[in-house]
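Nothing in this text is a laboratory measurement; each read-out follows from the coordinates by a stated rule. Given the structure is predicted, the values throughout are model-derived calculations rather than measurements. Because the Cβ atoms are built from the backbone with ideal geometry, glycine has one as well, and the counts that use them run over all protein chains shown.
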Amino acid sequence: MTRKKPYFPNNWDEFKSAPDDMFLPHTFEEFWEWKATKWQLPSSVSCIIRYREKGSTKIKERVYQKAKHAENKVEKLINEGAEEITVCDYNTIHNLVKEDDVYYYEPD
């Protein structure tokens, strides 16, 4: 027997009914710079790995506190033939894409 989760009240109606002048307009470039180029990881996280396994369309994500464990995971994913691997650490984002059984680095 499954239980339905209770409704979590939120305040979306307050935002919906707020006048437009309460919100600052932003251009796409401002939004992109803010969200895509200025990522921040908590101090407890060493890196984040997102990957798509061979023959799958699902993206999986793993978070690692120690860099060595993340390195081991990337090696394992390469050996298993993952289609795409993205690794985000404090300084960079690396995107590895598999084409013809060879991994290529795609710089942003």
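I need the trypsin sites (Lys or Arg not before Pro) found in the range 3-55, filtered to DSSP loop residues with at most 12 other beta carbons within 10 Å of theirs. In loop regions of the range 3-55 (DSSP not H, G, I, E or B), the sparsely surrounded trypsin sites (Lys or Arg not before Pro) are Arg3, Lys4, Lys38, Lys54.
By other beta-carbon atoms within 10 Å, ranking Leu77, Leu96, Leu41, Leu24 with the fewest at the front produces Leu24, Leu41, Leu96, Leu77. Only Cα pairs under 8 Å and 6+ residues apart enter the sum, and on that basis the relative contact order of the chain stands at 19 percent. Legend: residue pairs Lys16/Lys38; Lys60/Lys98; Lys35/Lys66, Cα-Cα distance threshold 20 Å; pairs beyond threshold, Lys16/Lys38; Lys35/Lys66. Scaling the Cα radius of gyration of the range 12-105 by the globular reference 2.2 N^0.38 Å produces a ratio of 1.47.
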